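Heads up, the thing below is written out as structure tokens.
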Amino acid sequence: MIDQELILLGLLRQSPTHGYEIKVKVREILSLFAGVQLKSIYYPLRILEKKGLLTKRTVKKGKRPPRLVYCLTPKGKERFELLLSRNLLDFKRPQFTLDLSLYFLSFMKPALARRRLEKRLEILDKISSGIKEMLNSKEVKNSLPLLRIMEHNLCLLQAESKFLRLLLKKI
């Protein structure tokens, strides 16, 4: 719940918004790099409201039906800043599916292992190329947070690619 809480409070720190818009941002942006899927947005928002971290108010725009807009409280802002600080110093080991395969790699015929690793390297190179293209897009260039995330992900992909090239020379 801590990651979910950080995301929801962070999005509300950007600006007050309604639940559906939060769900769209989580699905379209944050799930790409945060690995977070929210089945229901309203239940966690209700919990945060009960904790006094946010409030909601009804807003009507034009002929649209009224919507609930969520706003961060001072207590919510304080909690967000605490979670953000803790998260920056959290060193959970990232899980790479490759690690499990490397452990059992000796049970695979070397020729097959080589082909699979070469295919993985090919996929990593395609993903890296896609990220490099995104880095040149106007949307990413105009968003410092997205730029930082894309650069970080590109570094991780490049490190794994370098490792795979060295491993392939040993097989």
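The values are calculated or read from the model by the stated rules, or taken from the named source; none is laboratory data. Values in this document were obtained by computation on a predicted structure and should not be read as measured data. A quick note on method: Cβ atoms are made from the backbone with ideal geometry, for glycine too, and the neighbour counts reach across all protein chains shown.
Quick notes on this structure:
- Wholly enclosed helices (runs of 4 or more DSSP H) of the stretch 65-171 bearing at least 1 residues touching a residue at least 12 places away in the same chain (Cβ under 8 Å): 74-88, 97-103, 110-135, 144-170
- Close pairs from the stretch 22-41: first more than 16 Å from L68 (Cβ to Cβ), partner assigned to a loop (DSSP other than H, G, I, E, B) and modelled with pLDDT of 65 or more, Cβ under 9 Å, at least 6 apart: V26/L38; V26/I41; R27/L38; S31/L38
- Residues of the stretch 53-68 that turn out to be at pLDDT 95 or above and hydrophobic (A, V, I, L, M, F, W, C), as a count: 2
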